1. What are the residues in the range 55-75 that are under 18 Å from VAL300 (Cα atoms) and touching a strand residue (DSSP E or B) at 6+ places or on another chain (Cβ under 7 Å), if any?
2. Mind telling me which of the residues ILE454, ILE487, ILE541 ends up being over 21 Å from SER388 (Cα atoms), touching a strand residue (DSSP E or B) at 6+ places or on another chain (Cβ under 8 Å) and modelled with pLDDT of 90 or more?
3. Name every residue in the range 132-155 that is in contact with a helix residue (DSSP H, G or I) (Cβ under 8 Å, 6 or more places away or on another chain) and surrounded by fewer than 21 Cβ atoms within 10 Å (Cβ to Cβ), in order of residue number.
4. Residues of the range 297-346 being surrounded by fewer than 19 Cβ atoms within 10 Å (Cβ to Cβ) and of a type in the set (Phe, Trp, Tyr), which ones?
5. Regarding ALA62, is this residue over 21 Å from SER207 (Cα atoms), buried (at least 17 other Cβ atoms within 10 Å of the Cβ) and of a type in the set (A, V, I, L, M, F, W, C)?
6. Which residue pairs have Cβ atoms closer than 8 Å, lie 6 or more positions apart in sequence or on different chains, and pair a first residue in the range 311-337 that is within 27 Å of LEU236 (Cα to Cα) with a second residue that is modelled with pLDDT of 95 or more and of a type in the set (S, T, N, Q)?
7. Among the residues of the range 224-256, which ones are crowded, with 20+ Cβ neighbours inside 10 Å and part of a strand (DSSP E or B)?
8. Mind checking which residues of the range 142-169 are farther than 20 Å from VAL89 by Cα, part of a strand (DSSP E or B) and within 31 Å of the chain's Cα centre (by Cα)?
Amino acid sequence: MVVLDVSLNELYKLLNKNLSEEELNEYLLNIKCELDEIEGNNAKIEVKDFNRIDLYSLSGIARELSGILNIETGIPKFEIKDSDYDLIVDKEILNIRPYIVGAVVKNVKLNEDRLKDLIQLQEKISQSFGRNRQKVAIGTHNFDLIKFPVYYKLTDPETRFIPLGFDKELSLREILENTEAGKKYLYILNKYDKYPILIDSNNNIISFPPIINSNKIGRLDINTKNIFIDVSGTDLEKILLALNVIVLTLKDFGGEIYSINVIYPDKKIKTPELKVIKKEMDLNKIKKYLGIEIDNNKIVEYLNRKRMNAKIENNKLIVEYLNYRNDILSEYDIIEEILISYGYNNLKPREIKIYTKGGLSKERKVMNNIRKIMVNMGCIEIYTPILSNKDINNLLNEDREIIELINPASSSYNSIRVYLLSSFLQLLSENNELKFPAKIFELNRVSYIKNNKIIEDIDLLYIYSDYEVSVNYSLKVLKRLFKELRIDFDIRNSNHKFLIDGRQGDIFVNSENIGWIGEIDPNILEKLDIKYPLTGFEISIKELMKYIKYDI
C-alpha cells in the first residue's frame, strides 16, 4: 500500500473545511484510506486501493472527501483548452520506449506544500503503478522555458546536458553510471546503444526519460506558474491515466489545462484524454445485490457523493464518471460505491430465518486438502482475477478458444484466462517483485471454448522462481503432492509453445492428460518484462478428482 505525507492545512484549505482527527479518520475510511498518524500539521495517510492512483495526492483525497462530506458532488468540473503545441515522436524510439503523452497547465498556484505534494504524486505513481518507472515515468517542467514543437527521440549516449541537481554537464552515459537516479534506473535502458531524450526547438534538452529532468527546464519552484507535463512508458493506457491524474491535481491547484498534439509516425492523438465514461445497469439487479432497501433518490445521491453523475430512467441506473478512475469494471463496483457512501457501519445484521445443516462438497474437500499439502511444502497461495489480458492468453494458448469480453472496461482485463499461468504472468508483469526463492500456488477457475462447448475447470498452478531454476524443482513438488493424494502419474514428452523444449512434459493419470510441467520459455518472460526464470506445473483438479476414490 502507498503511504502519503500530507499537509493538513493544505488539505483543509482545498476542502474549505476543518476536521477533527476523529472525523478525518472516519471519513478517510469511506474513500479506502486510513489515517496512520498525525504530527503537528503533517499526517501520514495510507491509500488502501492500489487501483486509485488519483488518491496519491492531497488534492485527490480532498476531491473525494468533498463528495463524501456533500461539499461538492458529481463529476469534477474541468475544461481542456485546445492549443497548437506539438510533441513529435521519432520512429526510431518506438522499439525502446514507444509511448509518450503530454499536457500544459497554466496559471498554477503553487506553495511549498503543493510543490512537495506534486513531487510525491509523481514518485508514488511512477514507483508503484509505473513499476519503478519501467511502464510509467512522469516529468514536470517549466513551460515558459520551452520552445515548441518538442521532440521525443533517441540520441547518442555521449549527448550532454546539466541534469537536475547538478551544476555541470554530464553525458547520458555518465548520468546512468554516476548519479543516484541513473544507477537506480539503469536497468531500464542498459541493453540499448541509444537513449531517449525530450528536446525542444531551441535544442535545449528538457529531460532524459525515464531517468532525470534537466536542471534548468525541469526545476520547479513555488513561483512556477505554467507547467509542461510529459508521461512516457511502455503502456499507452497507463500513461494516459497517469496524465489525467496529474492534470486534475494541477487544475485543483488553480491551473488551466491545455491539450498537446502528440504526433506519432502513424497517428496523431490529442492529450490529455479526459472524458466521461457512461454505464447503464439493471436497477433491480443493483437493488437485489445491495441486500438492503434504499430509495432510488438515495442511490443517486450516494453515487453523486462518490464523484459520479447518476440518474434512473426506465428502471435503468445510468452512471457517469471521469476516466481518472479505471477501477469501475462492473455493476458490483457500483454496488460497492453505493454501500461505501451509505456507510458500512450503518448496515444492520439480520436474523437468519431458515436454518439448514450444511456440509462441504467433495470438490471443496479435495481443494482444501490440496491447499493444506501445498502450504505444508512451504508454498504461498495467491488469488488472481479470472479476467486477464488477451495478448497474454494468446502467448500460452494452443488448442483452447479464448472467451473475450464484448465491452471490457480495461484492455488489461478483456478475456477469461485459459490457464492460471496467464493471470500469474500478468500479475508478475505488472508487479515484478518476488522474494527468492519463491514457491507460489493458486487453486482457481479457468474457462475456455473447446469443440464449440464452454469448458469451466478448476486448476492448480505451482510456480517456483529463483535466480536459477530447473524443472526438477517442480517435479519434486508434483511427486509429493500426488503421493499425499495417493494417485500414480507419469510424465510424457510434450511440445507446448510456452515451455522450453526438452524441459517440459505432459502429466498423465491412467493415460489421461491432466496438465503440464516445465520451465517457462524465456522469450515469453522477456516480452512481459519478467526478469527471473520460472518453472512450474498446472493440472486440472476436476480431472484429478475422478481418481480420488477415498473419503477426505
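1. GLY74, ILE75
2. Exactly one of ILE454, ILE487, ILE541 is over 21 Å from SER388 (Cα atoms), touching a strand residue (DSSP E or B) at 6+ places or on another chain (Cβ under 8 Å) and modelled with pLDDT of 90 or more, namely ILE487.
3. ASN132, GLN134, LYS153, LEU154, THR155
4. TYR332, TYR344 - these are the residues of the range 297-346 that are surrounded by fewer than 19 Cβ atoms within 10 Å (Cβ to Cβ) and of a type in the set (Phe, Trp, Tyr).
5. Criteria met by ALA62.
6. VAL319/ASN309; GLU320/ASN309; TYR321/ASN309; LEU322/ASN244; ASN323/ASN244; TYR324/ASN244
7. Selection gives ILE227, PHE228, ILE229, ASP230, VAL231, SER232, GLY233.
8. Residues satisfying the conditions are ASN142, PRO163.
The values are calculated or read from the model by the stated rules, or taken from the named source; none is laboratory data. Everything numeric here is computed off the predicted structure, so don't read it as measured data. No Cβ is skipped: glycine too gets one built from the backbone with ideal geometry, and neighbour counts run over all protein chains shown.
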